[in-house]
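No value in this document is a laboratory result; all are computed from the given coordinates. What you see is a predicted model; the values in this text were computed from it and never measured. Positions of Cβ are generated from backbone atoms using ideal geometry, with glycine treated the same way; all protein chains shown enter the neighbour counts.
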Amino acid sequence: MNFNKSFSNLYTLLINNGFNSKLLYNNINLLKKIKSIFNSIFIPELIYFDKYNIIIFETNTNYLNNIDFYTKNINIKKYNIFGITFKNVDDYIIYKLENNKLNIIKSNLIPELLNKESEKLDMNNEIHKVHNYIRDYTKISNEDKSFFIAIILISIKKASFEYIFELYKNKNYIYDILLENLKDYDIDIHVFKFLKSDENNIHLYNLIEMISKIYKKNPSIDLLNEFYNEFVKYNNTDGKKLGIVLTPSHIVSLMTDILKINKNDIVLDLCTGTGSYLLEAHKYNPKKIIGCEYQNKLYALLKCNMILRNIINCEIIKGDCFKHEFKATKSLINPPYSMKDKNEMDFILKQLESIEDEGECCAIIPIGKITNNPRNTYYKKLLMEIADIKTIIICKKELFYPNANIQCCIIHLKKTNNKLYQTKIIDYIDDGYEIQMNNGLIKTDKFDLYKEELYKRINEINNKTNKLIIDDDWHIEKKELILDINNANKQLKLMELELEYLKRKQEILSNNEIHNISINNIKYYKIEELFNLENVKNPLQLKYKYITGDIPLISATKYNNGISNRIEKQENIILNNKHCLIFSTVGTCFYQENDFYATSSIKILRPINNLITDIIMKKIAILIMNTYLIKYNKLRGFKYEIFKETVIKTENLNL
């Protein structure tokens with residue numbers, strides 16, 4: 001390698017500290033071997049590139065901006081990205097790319113700085129292999145996958161893998177061994193009985209061996225949750241296909257925090273599912289946790305969850321919660337939505353029945369259950385007779401994305417006779433999560449800030465409250481009506497300007513000189529003689545939140561020249577070229593002077609001839625808007641074919 005002296009010293013240092021020389025590339029080799037990594041011709045002086053990590057080296061600390069440029073232009077997201085700048089072999093700084101920022105990390109220049117992340121990625125890779133094996137060699141259904149992994153983990157936890165292996169070599173069926181191991185826990189695994197065959201025995205053995213290997217390497221990690229996330233990821237991110245729809249973890253933590261659980265509490269979940277509320281509550285060391293679950297498979301998975309975490313102060317009940325009596329001090333639920341025989345409010349009333357006086361409960365329910373209608377009025381009246389409604393927190397509509405698109409709220413109640421009828425209604429629609437293309441709903445760097453603001457509002461003693469009235473929409477915070485005289489002044493000025501405009505318009509229309517144009521110059525053109533009709537290239541969706549940038553995103557709106565947002569350039573998404581007319585399903589038409597992205601509700605009129613200038617294009621856009629906007633903008637009935645009947649009349653366009 002042709003390095004200068006300082007760079008040769010760096011290379012020697014890396015080799016002496018255990019870095020693999022075959023994975024160290026200088027700029028010449030980099031172009032040949034990993035040129036696909038970078039979107040730019042700019043490359044670092046030296047790079048370390050393995051299965052999990054990319055480390056970019058510069059010999060001058062002033063090149064930090066270069067490192068920042070390199071890392072932002074790496075187009076493969078599955079790697080850990082490090083940047084290291086050097087003055088000499090003893091003076092270096094290590095950075096790691098986290099949340100699109102280069103943060104300094106305290107570590108030595110040895111491969112161990114990578115080990116923690118590499119181990120995590122390696123575990124994910126092994127979990128992916130298990131999932132592929134289940135898919136390719138067994139008939140285990142999507143909804144049974146999590147349960148299957150749970151019983152394997154419990155069996156491994158109780159009996160050694162070597163014992164299973166020996167019995168397998170003696171021609172025993174592994175299904176029978178698993179069944180025997182789980183007898184003490186009263187867990188029914190008959191759904192996997194089809195695995196008891198010569199054909200499947202080897203596959204079951206292989207799966208146990210693979211899972212055991214992962215467990216031994218990562219005994220302290222919540223492997224059941226890791227497997228569940230893997231299954232969701234490769235089933236179109238839809239938890240319903242697995243028979244499970246999880247309450248988002250930040251909502252579980254929030255509801256648990258609101259109840260202020262302590263060591264004297266008995267915590268109840270009437271609709272336990274896999275046990276997320278109880279597992280979170282258990283972190284506060286309550287006296288006891290109680291769960292009730294109706295569905296067989298979820299009940300089995302719930303029991304597995306408790307066993308895997310060695311939780312003994314729990315009572316798990318299988319059955320209909322309305323047919324059981326409970327005694328608790330605190331309760332949390334996410335009840336089933338839209339049942340035929342039970343309303344979500346029925347579950348909250350059951351909560352209140354099940355907790356002692358002065359006890360508290362939390363539930364997350366659709367916001368439609370606290371709006372103003374006769375059926376809701378009946379339930380709201382019952383709630384107010386039993387409990388004081390302390391807080392209502394309005395959540396974002398995409399909270400359960402992609403499983404559901406329904407806006408929910410968290411309602412916090414205290415069972416008491418001393419009711420204050422003062423309720424905090426708090427907007428938590430901005431919760432620090434957003435939908436990103438190809439990634440789903442993810443946490444952003446604003447999460448902690450929004451969370452802190454929410455907790456501040458919840459805990460403020462003198463914070464504004466609302467006196468709830470049964471016939472009100474409980475999700476709307478009552479605000480004082482403020483009449484601002486400044487706004488009245490603005491409106492008055494606008495009225496004066498409008499009158500002046502109408503006066504000037506009439507003067508222009510009555511001026512005969514404007515019509516003194518030779519009729520011989522007037523021509524008529526069909527729209528298709530002037531423009532080609534195009535579809536949008538790679539249409540984007542407004543439901544995703546994009547990073548703010550300079551490129552217009554056009555949608556069906558009558559405001560701001562059709563621009564809904566300005567976003568960063570999207571990787572592998574083709575821009576639509578400027579100098580065109582865009583029009584939408586609501587009859588809007590605008591001239592676009594910059595390259596742009598657009599939604600599928602947009603069509604493009606592209607000029608055929610270069611003689612059609614931007615001034616003419618803008619005039620045509622105004623004519624189209626005046627003709628179609630009022631007619632179509634409310635009905636959303638605009639049909640693009642209507643342009644075939646449109647004729648442009650002009651006196652100064654010579655084609």
- Query: Quick one: if you stick a label point 7 Å off each Cα along the C-beta vector at TYR378 and TYR501, how many nm between them?
  - Reply: 5.3 nm
- Message: As a footprinting exposure proxy, order SER21, SER600, SER212 by other Cβ within 10 Å, with the fewest listed first.
- Response: SER21, SER600, SER212
- Task: Can you bin region 246-459 into rounded, prolate or oblate? Criterion: square roots of the alpha carbon gyration tensor eigenvalues sorted a ≥ b ≥ c, rounded for a/c under 1.5, prolate for a/b above b/c, oblate for the rest.
- Result: rounded
- Message: Using a 10 Å cut-off around each Cβ, can you sort THR416, THR272, THR548 from fewest to most neighbouring Cβ atoms?
- Response: THR548, THR416, THR272
- Query: Relative to a virtual label point 7 Å from the Cα of GLU325 in the Cα→beta-carbon direction, which members of region 341-370 show backbone nitrogen distances below 19 Å?
  - Reply: 349-359
- Query: With charges only on Cβ, +1 for K and R and -1 for D and E, what is the dipole size of region 246-459 about its Cα centre, in debye, rounded to 20?
  - Reply: 260 debye
- Message: Filter LYS288/LYS419; LYS414/LYS464; LYS283/LYS415; LYS446/LYS545; LYS260/LYS327; LYS145/LYS350 down to the pairs with a C-alpha to C-alpha distance above 21 Å, please.
- Response: LYS288/LYS419; LYS283/LYS415; LYS145/LYS350
- Could you give the nm distance between label points at ASN538 and LEU449, where each point is 7 Å from its Cα heading toward the beta carbon? 2.9 nm
- Pull out a ≥ b ≥ c, the square roots of the eigenvalues of the alpha-carbon gyration tensor of region 341-407, then state rounded if a/c is under 1.5, prolate if not and a/b is larger than b/c, and oblate in the remaining case. prolate
